[in-house]
Amino acid sequence: MCFWDIIRNYIKEKKPKSKTQRNVYLAFQPGHPQFTTHCLKKLECNSVIPVLQGYRVPRNDVEGDKIRYAVVILALFRPWSASKISPLKSPDLSWLEAHTEFKEAMSPEHIRVTSNMQLLYQTRDAKFDF
């Protein structure tokens, strides 16, 4: 599951004391600082829309931002782990190559979200054109 979907569909809570309840939660991996105390619970209502604070997703139509855009999109939408088993990209690929390869496998929902991120830039640009 990618970071975007975890943020959209789960909330961090204290780990339930009952072992039967733990089946509906996602546990942190051993070694995580909150492995013994917290877990992620699936939201029962509609999912939330994540709002990135303090960092804007780079534009994909500006030459100087293309690598940063590729890194951010991979980090948000590609399932990955800090372990060597599931890295963010293969060491033999550049960030742009990894992003191009990943775009072909993106879900329609994630394609829609990334398109909407770019539409925000286009509407801001259009606002200043008039």
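The table that follows gives values for the structure above.
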| quantity | calculated |
| --- | --- |
| Test result for Ser107, of a type in the set (Ser, Thr, Tyr) and under 27 Å from Lys14 (Cβ atoms) | no |
| Any hit, the stretch 78-98, residues being in contact with a helix residue (DSSP H, G or I) (Cβ under 6 Å, 6 or more places away or on another chain), in contact (Cβ under 8 Å) with a residue 12 or more places away in the chain and closer than 18 Å to Asn9 by Cα | yes |
| Of the criteria (1) over 18 Å from Asp5 (Cβ atoms); (2) surrounded by 12 or more Cβ atoms within 10 Å (Cβ to Cβ), which one Gln53 fails | (2) |
| Residue in the stretch 78-93 that is assigned to a helix (DSSP H, G or I) and under 12 Å from Trp4 (Cβ atoms) present | no |
| Filter result (modelled with pLDDT of 90 or more and out of contact with any strand residue (DSSP E or B) (no Cβ under 8 Å at 6 or more places or on another chain)) within the stretch 8-20 | Arg8 |
| Residue in the stretch 42-59 that is outside the structural domain of Pro87 (by TED's automatic domain parsing), of a type outside the set (Ser, Thr, Tyr), free of Cβ contacts under 8 Å to residues at least 24 places away in the same chain and not in a loop (DSSP other than H, G, I, E, B) present | no |
| Verdict on Ile73 being in contact (Cβ under 8 Å) with a residue 24 or more places away in the chain and surrounded by 10 or more Cβ atoms within 10 Å (Cβ to Cβ) | yes |
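The values are calculated or read from the model by the stated rules, or taken from the named source; none is laboratory data. Owing to the predicted nature of the structure, the values given are computational and were not obtained by experimental measurement. Note that we place each Cβ from the backbone using ideal geometry, even for glycine, and neighbour counts take in every protein chain shown.
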